[in-house]
1. In the Gaussian network model of the chain, springs joining C-alpha atoms below 10 Å, which of M103, M62, M70 carries the largest mean-square fluctuation?
2. Test of understanding: what is the full-extension gain from V110 to D48, defined as 0.36 nm times their sequence separation minus their Cα-Cα distance?
3. I'd like the trypsin sites (Lys or Arg not before Pro) in the range 91-160 restricted to DSSP loop residues with at most 12 other Cβ atoms within 10 Å, sorted by number.
4. For the range 95-167, run through the chymotrypsin sites (Phe, Trp or Tyr not before Pro) and keep only the ones in DSSP coil with at most 12 other Cβ atoms within 10 Å of their Cβ.
5. Tell me, what is the FRET efficiency for L29 and S133 to the nearest 0.05, using R0 = 22 angstrom and their Cβ-Cβ distance as r?
6. Using +1 at the Cβ of each Lys and Arg and -1 at the Cβ of each Asp and Glu in the chain, identify which of F96, P15, L29 lies farthest towards the dipole's positive end.
7. Most fluctuating residue of S23, S50, S12 in a GNM of the chain with Cα springs under 10 Å: which is it?
8. Once both labels are modelled 7 Å past Cα along the beta-carbon direction, what's the D13-M70 spacing in nm?
Amino acid sequence: MPDVNLSFSSKSDDPLDIIEQISDANDWLSDRRNGEEISVQAPGRWCDYSLYFAWNEDLGAMHFTCAFDMRVPKNKRLPIQELLALANEKLWLGHFGMWEEEMLPLFRHVLLVRGTRGPTGEQIQDLVETALSECERFYPAFQYVVWGGKPAHDAVAAAMIDIHGEA
């Protein structure tokens with residue numbers, strides 16, 4: 001699982017302040033669009049990931065997406081939809097989807113914290129680490145289907161193999 005540096009002491013209850021501090025601690029680029037949204041660019045092993053956070057205080061919910069730096073050609077839409085369904089069966093938290101307008105695969109999750117002061121730094125760290133870990137694990141599966149022309153079930157089977165060490 002990718003490690004997210006959480007070496008800061010937050011004095012803020014604002015979840016977007018916490019995300020900015022996590023971004024700064026990891027030397028990631030961030031863009032705070034307003035008081036409710038922030039986007040962050042996080043490097044991965046396979047590509048850079050676009051993280052998007054939207055805080056809705058009324059709902060007590062943090063909407064989160066982690067988009068791949070990969071465009072899916074229209075002729076691969078059906079095999080990718082099958083891959084999304086198969087990959088989602090393997091997840092405990094969140095799910096994969098497709099941003100149809102841009103044809104980008106992405107990981108999504110909503111963190112519900114109603115009745116609290118908002119998500120903690122540790123909760124946000126867990127959310128980001130889980131998303132990056134799952135995206136790193138399944139990125140090759142998406143490549144396998146999109147550029148390799150392989151069936152979705154083969155791609156998921158390959159993604160589920162845990163490799164230890166290096167050759």
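1. M103
2. Values: separation 62, 0.36 × 62 = 22.32 nm, distance 2.15 nm.
Contour length minus the Cα-Cα distance gives 20.2 nm.
3. Working: sites: R108, R114, R117, R137; in loops: R114, R117.
For trypsin sites (Lys or Arg not before Pro) across the range 91-160 that sit outside H, G, I, E and B with at most 12 neighbouring Cβ atoms in 10 Å, the list reads R114, R117.
4. The qualifying sites are W147.
5. Details: r = 21 Å, r/R0 = 0.94.
So, using R0 = 22 Å, E works out to roughly 0.60.
6. F96
7. Result: S12 has the largest fluctuation of those listed.
8. Label at D13, label at M70, 4.1 nm between them.
Here, each number is a calculation from the coordinates, and none is a lab measurement. It should be emphasised that the depicted structure is a prediction, and the values quoted were computed from it without experimental measurement. Please note: Cβ atoms are built from the backbone with ideal geometry, for glycine as well, and neighbour counts cover all protein chains shown.
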